[in-house]
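The values are calculated or read from the model by the stated rules, or taken from the named source; none is laboratory data. For clarity, every value in this text was computed on a predicted model and none was experimentally measured. Quick reminder, even Gly has a Cβ in these numbers, built from the backbone with ideal geometry, and neighbours come from all protein chains shown. The area values use the complete protein model at the heavy-atom level, side chains included, leaving out ligands, DNA and RNA. Shrake-Rupley method; radii C 1.70, N 1.55, O 1.52, S 1.80 Å.
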Amino acid sequence: MRAIALSADGGILLGGSAYTGPHTGRDMVCAAFSAGGARLQQFGVNGIAAVDFDLWEDRARSIVVQQDGAILLVGETTAPGSSPQIYDFAVA
């Protein structure tokens, strides 16, 4: 995980990247926990939400919780097979 934020109710949000399926690239992920540290099973799938931009690697580098409670992940995505590696920004 690369980023951490607190929700309005004191919950903990972690942002980063993980392998979430059979493809070879990582996806942006956000994991949610209660203020006491228990994973919030109702968030995403078993407490983890993933975003796949259909490129090789998607990585969250920062996480922000807006005043309305919306969660923003900001990071990068890369194109496979590019040389030099091509990066683009990603917001979810």
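Remarks
- In region 67-88, the residues that are part of a strand (DSSP E or B) reach residues that are of a type in the set (Lys, Arg) and open to solvent by less than 80 Å² (accessible area, probe 1.4 Å) with C-beta atoms within less than 6 angstrom, at least six apart or across chains, in these pairs: GLY75/ARG59; GLU76/ARG59.
- Residues being touching a residue at least 12 places away in the same chain (Cβ under 8 Å) and outside any strand (DSSP E or B) - total across region 44-66: 6
- Residue match in region 15-35 (condition: of a type in the set (Lys, Arg), in contact with a Phe, Trp or Tyr (Cβ under 8 Å, 6 or more places away or on another chain), open to solvent by less than 70 Å² (accessible area, probe 1.4 Å) and in contact (Cβ under 8 Å) with a residue 12 or more places away in the chain): yes
- Scanning region 1-38 for residues that are among the charged types (D, E, K, R) and in a loop (DSSP other than H, G, I, E, B) yields ARG2, ASP9, ARG26.
- Every residue from region 54-86 that is hydroxyl-bearing (Ser, Thr, Tyr) and either buried (at least 17 other Cβ atoms within 10 Å of the Cβ) or within 20 Å of ILE4 (Cα to Cα) (or both): SER62, THR77, THR78
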